[in-house]
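What follows is a short report on a single structure.
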Amino acid sequence: MKIGIVCYHKDAFKYPPFWLLQCFQSLTDNVSACAQLHPLVRFEFYEFNYGEGGRSMGFSKENYRHYPLKNYAAAMNYVYQWAFEECDVVANVNVDDYYHPYRFSRLIEILDAGADIASSNYCLVDETGNEIRRTDFAELSVAAELSRGNNIISNPCHMMKKHVFERLKFDADLVPKEDLEYWRQCLAAGFTIKIAPEHLHYYRIHANQSGNIC
């Protein structure tokens, strides 16, 4: 299995440097953990800046591209299409957030068990990383919650198999409700979404983020 770590952002180099370092360190820790637990899994990093600045954060000089797009959903379509040319799975990343060292390993297990999309519980943290609250979504019905308008899927922490994106693309015209509608479409198409009970994503709340989360 080859996993594309996809990072699309809008001039995230403007963020405090320690945010980017914390994110990058968590990704490094994840790849290291996977090397021990899933030695046949390979990784490739894809960075796409859809802002105006045209600067990379330096995660991957080989796999960096830039041009302005209107919102994150348009950027998701671009970078997912790019990554899935080589990869079987994509792992979505927010560079202002950070992740538990076993995020990749745990979600790989869920995908291997038959899910098409895997996500997890998460911790909301403030700008310096202090915990605000934790979610408890794993025992809830994904279909029932989405039907009520409750998006319990952590978009910045999901992993998705290639055949999902081959059938369903993101709709840039639906932002900011695009995430909710996309997961609804996935269920309607027969795809399986699972949420890990572990808190694998530390979602940073700040004024300049591009979207909202539960």
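A few comments on the model shown:
- Boolean, Ala196 is outside any helix (DSSP H, G or I), free of Cβ contacts under 8 Å to residues at least 60 places away in the same chain and open to solvent by less than 50 Å² (accessible area, probe 1.4 Å): no
- Verdict on Leu200 being at pLDDT 95 or above and closer than 20 Å to Ile3 by Cα: yes
- Filter pass, Ala113 being buried (at least 19 other Cβ atoms within 10 Å of the Cβ) and of a type in the set (Gly, Ala, Ser): no
- When we screen Arg65, Arg103 for residues that are at pLDDT 95 or above, over 13 Å from Met160 (Cα atoms), among the charged types (D, E, K, R) and touching a helix residue (DSSP H, G or I) at 6+ places or on another chain (Cβ under 8 Å), the only hit is Arg103.
- The residues in segment 10-49 that are open to solvent by less than 10 Å² (accessible area, probe 1.4 Å) and either among the β-branched types (Val, Ile, Thr) or within 21 Å of Gln81 (Cβ to Cβ) (or both) can be counted, and the count is 5.
- On the stretch given as segment 121-172, residues that are assigned to a loop (DSSP other than H, G, I, E, B) and under 16 Å from the mean Cα position of the chain (by Cα) total 7.
- Residue that is farthest from Leu37 (Cα to Cα), among those in segment 72-91 that are assigned to a helix (DSSP H, G or I) and open to solvent by 10 Å² or more (accessible area, probe 1.4 Å): Ala74
- In the condition set (1) at pLDDT 90 or above; (2) of a type in the set (S, T, N, Q); (3) touching a Phe, Trp or Tyr at 6+ places or on another chain (Cβ under 7 Å), Thr192 is compliant with all but (3).
- Within segment 40-65, residues that are touching a residue at least 24 places away in the same chain (Cβ under 8 Å) sit with their Cβ atoms under 8 Å from residues that are in a loop (DSSP other than H, G, I, E, B) and basic (Lys, Arg), at 6+ positions apart or across chains, in these pairs: Asn49/Lys10; Asn49/Arg55; Tyr50/Lys10; Gly51/Lys10.
- Tally of residues being under 14 Å from Ser119 (Cα atoms) and loosely packed, with under 11 Cβ neighbours inside 10 Å across segment 129-140: 1
- One residue alone among Leu187, Leu146, Leu180 is farther than 22 Å from Cys23 by Cα, of a type in the set (A, V, I, L, M, F, W, C) and open to solvent by less than 20 Å² (accessible area, probe 1.4 Å), and that residue is Leu146.
- When residues of segment 92-120 are limited to those that are of a type in the set (Gly, Ala, Ser) and either over 17 Å from the mean Cα position of the chain (by Cα) or in a strand (DSSP E or B) (or both), the one farthest from Asp29 (Cα to Cα): Gly114
The values are calculated or read from the model by the stated rules, or taken from the named source; none is laboratory data. In this text, all values refer to a predicted model and were calculated from it rather than measured experimentally. Neighbour counts run over all protein chains shown; Cβ positions are idealised from the backbone, glycine included. With ligands, DNA and RNA removed, areas are computed over all heavy atoms of the protein, side chains included. Shrake-Rupley method; radii C 1.70, N 1.55, O 1.52, S 1.80 Å.
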